[in-house]
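Data first, discussion second: the structure below is written as structure tokens.
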Amino acid sequence: MMKRRVFLKNTLATGAAAVAVNAGLLTPTTVLADWNKDAFTAKSTDNALNSLYGSTSTAESGDIQLKAPAIAENGAVTPVTVDATGMSGVESIAILASKNPIPLVCTYTFAGSGLGYASTRIKMGETMNVIAVVKAGGKLYKAQQEVKVTIGGCGG
């Protein structure tokens, strides 16, 4: 009996979504998140930061804990964690890989009182600095760490 209910519920949900798409109520531009094309196509870290935040002026901060392996055995899946929970008023976190063809890897925007924590896996083509930029209280702070790549991810 439970399987029948789940089946009917899923069928109704799929049917409603199909009707909304066909009626033009649900279009990709309204469903997908907005992204900063200039920042994600910039070829240098300075251009990416300027497009993202309107400034390249960052200050080193000990309140940002950037965790990445010293040696990444496979650059295609390099784990990176940024912990800025010790900072107050964290608005966003950006992760950049300095020598990648497109250095801006990802950004996270926090609404309200964000905890300032992000964890992901990034792709790196060679040995380079991984840079975490945290916007808190209207100012930009950064932490960076060199990661040596033994097997390439972006081009190898």
Report the local net charge at residue 48: Lys and Arg +1, Asp and Glu -1, summed over other residues whose C-beta lies under 14 Å from its C-beta. +3
For a quick protection proxy, order the peptides 117-127, 93-103 by their average other-Cβ count within 10 Å, most packed first. 93-103, 117-127
Between residue 72 and residues 5 or more places away or on another chain, which pairs have amide H atoms under 5 Å apart, with H built 1.01 Å from N, and which residues are they? 148, 149, 150
Counting only residues 5 or more places away or on other chains, whose amide H sits under 5 Å from the amide H of residue 61 once H atoms are built in the peptide plane? 142
Reach of residue 148 by Cα under 16 Å, taken over lysines that are not fewer than 8 positions away in the same chain: 67, 99, 123
Using θ = phi - 60° and Karplus 6.51 cos²θ - 1.76 cosθ + 1.60, couplings along the range 65-76 (whole Hz; Gly, Pro as x): 9, 9, 10, 8, x, 5, 10, 9, 5, 9, x, 6
For the range 35-149, what does the alpha-carbon gyration tensor say about shape, rounded, prolate or oblate, given a ≥ b ≥ c as the root eigenvalues, a/c under 1.5 as rounded, and a/b over b/c as prolate? oblate
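Where a number appears in this text, it was derived from the coordinates with a stated rule and is not lab data. A quick note: this is a predicted structure, and the numbers were derived from the prediction, not measured. Cβ atoms come from the backbone with ideal geometry, glycine included; neighbour counts cover every protein chain shown.
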